[in-house]
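Below is one structure, written out as structure tokens; the observations come after it.
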Amino acid sequence: MKRLTTVLVLLALSLGIAGGVGAAHRAAPISTLTFCTDPTFPPMELTKSSGAIFGFDVDMADAIAKRMGISAKAVKTAFPGLIPALGAKKCETVISGIFVTPDRLKQAGAVTYMHSHRVLLVKAGNPKHINVPNDLKGHNVAVQAGTKYEQYLKSLKSKLGFNLASYPGDTDAVAQVLIGRSDAVLTQDTSAAYQIGQHPGKLMIAYLFPEQDAFGIYYRKSDTALGGALRQAVSALKKNGTLAKIAAKYKLPTADVK
């Protein structure tokens with residue numbers, strides 16, 4: 001009798017475990033958290049020499065997927081094509097250091113996960129004396145193509161008059177300052193912190209914009225269940241300190257993800 005009871009208990013436990021795993025997968029509105037990302041914006045996303053994509057956003061996507069009981073997969077996509085790729089169902093989400101903006105919210109839903117500030121990054125010592133945006137007049141300015149930064153600079157250029165050059169990636173734009181081709185680059189404080197660390201004594205923040213921007217995870221508006229699951233996951237990862245730990249790993253301000 002004891003042996004029969006033990007067998008029944010073990011069977012019940014095994015079924016319970018299997019059922020729990022199945023329930024976790026059934027609870028997820030998708031089978032894989034595919035996310036379109038442009039790995040040219042360190043430390044949010046960048047590539048190793050092997051071609052593997054890593055960074056804050058990748059770690060966060062993995063943590064979100066883990067809570068859903070599924071896996072995450074990055075889909076390399078050029079920045080201007082991120083939202084169109086989402087609409088074309090090439091991915092389930094967009095996680096790529098991309099701001100939540102009114103025009104993008106007309107096309108997709110979004111879950112905010114980090115706040116930040118935009119900055120003007122210049123050579124160390126600020127030889128061109130660029131202290132405020134108006135000081136860009138008559139200078140050469142670089143920016144990543146397809147971003148809200150580019151739109152802002154195009155508007156400012158029409159008022160001030162300066163040379164604006166756009167590049168495929170944020171790192172490409174920063175490189176123009178390092179080689180002296182541009183006098184300033186408009187980027188984000190997370191990228192600036194990374195680039196200053198990568199090039200000690202060569203770069204500095206000349207101006208920190210007071211307004212905050214918000215990074216968001218975009219999803220198709222029709223995927224309401226996914227939107228709800230993403231919102232719950234991000235909230236949980238903030239509360240249990242996971243996002244703060246990931247931020248610390250990439251030397252980002254932990255306060256930005258609280």
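The values are calculated or read from the model by the stated rules, or taken from the named source; none is laboratory data. Only a predicted model underlies this, so the values are computations on that prediction, with no experimental measurement involved. Here Cβ is always computed from backbone atoms with ideal geometry, including for glycine, and neighbour counts include all displayed protein chains. These accessible areas exclude ligands, DNA and RNA; they are computed on the full protein's heavy atoms, side chains included. Shrake-Rupley method; radii C 1.70, N 1.55, O 1.52, S 1.80 Å.
With label points built 7 Å along Cα→Cβ from the Cα atoms of Glu211 and Leu178, find their separation and express it in nm.
3.0
Which net charge results for the neighbourhood of Gly180, defined as the other residues with beta-carbon distances under 12 angstrom from its beta-carbon, given Lys and Arg at +1 and Asp and Glu at -1?
Numbers: positive: Lys123, Lys128, Arg181, Lys202; negative: Asp183.
Around Gly180, the charge tally is +3.
For Ser71 and Lys245 in the same chain, what is the full-extension length gain: residue separation times 0.36 nm, less their Cα-Cα distance, in nm?
Details: separation 174, 0.36 × 174 = 62.64 nm, distance 2.00 nm.
Residue separation times 0.36 nm, minus the Cα-Cα distance, leaves 60.6 nm.
How much length is gained on full extension from His115 to Ser31, taking 0.36 nm per residue of separation minus their Cα-Cα distance? Intermediate results must be reported in sequence, preceding the final value.
Details: separation 84, 0.36 × 84 = 30.24 nm, distance 2.90 nm.
Full-extension gain reported as 27.3 nm.
Just reorder Ser49, Ser116 by solvent-accessible area, largest first, 1.4 Å probe, all chains present. Write down the numbers at each step before the final one.
Values: Ser49 135, Ser116 0 Å².
Result of the area sort, largest leading: Ser49, Ser116.
In the chain, if the dipole is taken from +1 on Lys/Arg beta carbons and -1 on Asp/Glu beta carbons about the Cα centre, which of Gly241, Ala124, Thr190 is farthest to the positive end?
Final value for the positive-end residue is Gly241.
So what does the Cα-only Debye profile of the range 25-99 read at q = 0.14, 0.16, 0.17, 0.27 Å⁻¹, as log10 I(q)/I(0), no solvent term?
Debye curve over Cα of the range 25-99, log10 I(q)/I(0) at q = 0.14, 0.16, 0.17, 0.27 Å⁻¹: -0.41, -0.53, -0.60, -1.24.
Can you pull the accessible area of Phe54 for me, 1.4 Å probe, Å² to the nearest 10?
Counting only protein heavy atoms, the figure is 60 Å².
Using the structure shown, select from Lys73/Lys154; Lys128/Lys251; Lys48/Lys159; Lys159/Lys258; Lys76/Lys221 the pairs with a Cα to Cα distance greater than 31 angstrom. Walk me through the numbers on the way to the answer.
Working: Lys73/Lys154 34 Å; Lys128/Lys251 28 Å; Lys48/Lys159 40 Å; Lys159/Lys258 37 Å; Lys76/Lys221 22 Å.
In this structure, Lys73/Lys154; Lys48/Lys159; Lys159/Lys258 exceed 31 Å between Cα atoms.
Could you give the size of the charge dipole of the range 104-258 about its Cα centre, using +1 on the Cβ of each K and R and -1 on the Cβ of each D and E, expressed in debye and rounded to the nearest 20?
On the way: 21 positive and 10 negative charges, 62 e Å.
The dipole magnitude comes to about 300 debye.
Would any residue of the range 183-209 have its amide N under 14 Å from a label point 7 Å out along Cα→Cβ of Asn131? List them or say none.
From the range 183-209, the list is 206-208.
Under a 1.4 Å probe, what is the accessible area of the chain per residue, stated in Å²? Don't jump to the answer; show the numbers that get you there.
Values: 12650 Å² over 258 residues.
With all protein chains present, the chain gives 49 Å² per residue.
Which distance in nm do the two modelled labels at Lys202 and Lys221 give, with both placed 7 Å along the Cα-to-Cβ direction?
My value for the distance between the label points is 4.5 nm.
For the chain, what is the percent of antiparallel DSSP beta bridges, rounded to the nearest 5?
In the chain, approximately 60 percent of DSSP beta bridges are antiparallel ones.
Remind me, what semi-axes does the range 132-258 give for its equivalent ellipsoid, largest first in whole Å, using sqrt of 5 times each Cα gyration tensor eigenvalue?
Working: eigenvalues 201, 73, 31 Å².
For the range 132-258, the semi-axes come out at 32, 19, 12 Å.
If each residue of separation counts as 0.36 nm, what is the full-extension length gain between Asp62 and Lys89 once their alpha-carbon separation is subtracted? Mind showing how you got there, number by number?
Values: separation 27, 0.36 × 27 = 9.72 nm, distance 1.99 nm.
7.7 nm is the gain from fully extending Asp62 to Lys89.
In whole Å, what three semi-axes, largest first, describe the equivalent ellipsoid of the chain built from its Cα gyration tensor (square root of 5 times each eigenvalue)?
Numbers: eigenvalues 369, 71, 43 Å².
The answer is 43, 19, 15 Å, longest axis first.
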